[in-house]
Structures are given as C-alpha cells and as structure tokens.
1. For the chain, modelled as a Gaussian network with Cα springs under 10 Å, which listed residue fluctuates most, LEU60, LEU71, LEU102?
2. Once every DSSP H run of n ≥ 4 in the chain is given -39500 (n - 2.57) and the sum is divided by its residues, what mean residue ellipticity at 222 nm do you get, rounded to the nearest 500 deg cm²/dmol?
3. Report the relative contact order of the chain, percent, no decimals, based on alpha-carbon pairs under 8 angstrom and at least 6 residues apart.
4. Order these peptides, 128-135, 20-27, 107-114, by their mean beta-carbon neighbour count within 10 angstrom, highest first.
5. Is the shape of region 3-119 best called rounded, prolate or oblate, per the rule: a/c under 1.5 gives rounded, else a/b larger than b/c gives prolate, else oblate, with a ≥ b ≥ c the square roots of the Cα gyration tensor eigenvalues?
6. In region 45-88, what GluC sites (Glu not before Pro) fall in a loop by DSSP, with at most 14 other Cβ atoms inside 10 Å?
7. Please compute the length gained on full extension between LEU109 and GLU125, using 0.36 nm multiplied by the number of residues separating them and subtracting their Cα-Cα distance.
8. In terms of the Cα gyration tensor, with a ≥ b ≥ c the square roots of its eigenvalues, is region 29-88 rounded because a/c is under 1.5, prolate because a/b exceeds b/c, or oblate?
Amino acid sequence: MDLDLVFLGTSASMPTGQRAPSALLLRRGGERLLFDCGEGTQRQLLRSEIGLVDLPEIFLTHYHADHYLGLPGMLKTFSLRGRELPLTIYGPSGLHDLMRALRRIFGRLSYPIELRELEAGEELERPDYRIAAFAADHGLAALGYAVQEDARPGRFDVAT
C-alpha cells in the first residue's frame, strides 16, 4: 500500500510568502487524512494536485490558532459544495469547546460532524494499520499521532 505525505503548511505561528501554517495530508491508497488545519489549508489543497477533497477525518494536534484557523472556511466550503458525507474531527481535550466557539463563524452545515476527544495512549484501529495518539509537550493539551502499519507477510528486500 502506497503511503504519501503532502506538506500543505510547515510555517511556525505566522505564515510567510512561501510557507503556510501547519497542515499535513496523509494519502494511503484511496484514503485521505488531514493532520492540523492551519489558515489557508483549503487554498493549499486547491493549489496542489489533490484538490479540495471531501476529507472523512481531520486530526488536530492542539489548539494554538495556527493549527486550526483553516477549519471554519474549509467546513463552510464543504457545505457550500453540498457535502453530505459525515466528517469526524479528532483532537485532545477541549475539542468540543473549540468547535462550539467556531460554529458561530461557520454556522449551519449540510453534513454531520462527529467530534472525538482523544487521550494519549488511545488507538484508532483501521484495516491494516492503526493511528496511535501520544502526549506531546507543548504547554497545553497536545497530541501527536503515529500511523502504524500492521506487519506484512514476506521479506523486505533493502536492495530494491
């Protein structure tokens, strides 16, 4: 299974002319998972060869603004495009409070959103892999995510 990482934003708390705030898209086969959604993430997706896809899941690492300010615009754009597919947003404790505040900005949506607050040590099982949440030391509730593929039968040939 091919695994591809698309760095949509790698800047610190302020964007630059060449770099957008934090956002990373993981492509695994036909799956698309977004990790963080800094300001301008939907524009970065549109500028890439990926386009603005209807992501099924978004993972937030923490609630500094440069990691989530792209959410209101992207969620509203999904709705304006008539999205019906449910969206699940994962994050550390405080996710419900954040989304309650952001809902005032993006208003009513055409699709359901499920919010899942994760704790360090929690794992989300998928066919052939899992996503493990771990504590990140960042001055507030913060998580990192490890995508761990299941062992595959056969031998790995480092020469090829």
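1. Comparing LEU60, LEU71, LEU102 in a Gaussian network model of the chain, the most mobile one is LEU102.
2. Calculated from helices alone, the mean residue ellipticity at 222 nm is -5500 deg cm²/dmol.
3. The value is 15 percent.
4. In descending order of packing, they fall as 20-27, 128-135, 107-114.
5. Rounded is the answer for region 3-119, as its axis ratio a/c remains below 1.5.
6. Values: sites: GLU49, GLU57, GLU84; in loops: GLU49, GLU84.
When the GluC sites (Glu not before Pro) of region 45-88 are filtered for loop state and at most 14 Cβ neighbours within 10 Å, GLU49, GLU84 remain.
7. Value of the extension gain: 3.0 nm.
8. Verdict is rounded for region 29-88.
Read-outs throughout are calculated quantities, based only on the coordinates presented, and are distinct from any laboratory measurement. Please read these numbers as outputs of a predicted model, since none were measured by experiment. When we count neighbours, we look across all protein chains shown, and the Cβ atoms used for this are built from the backbone with ideal geometry, even at glycine.
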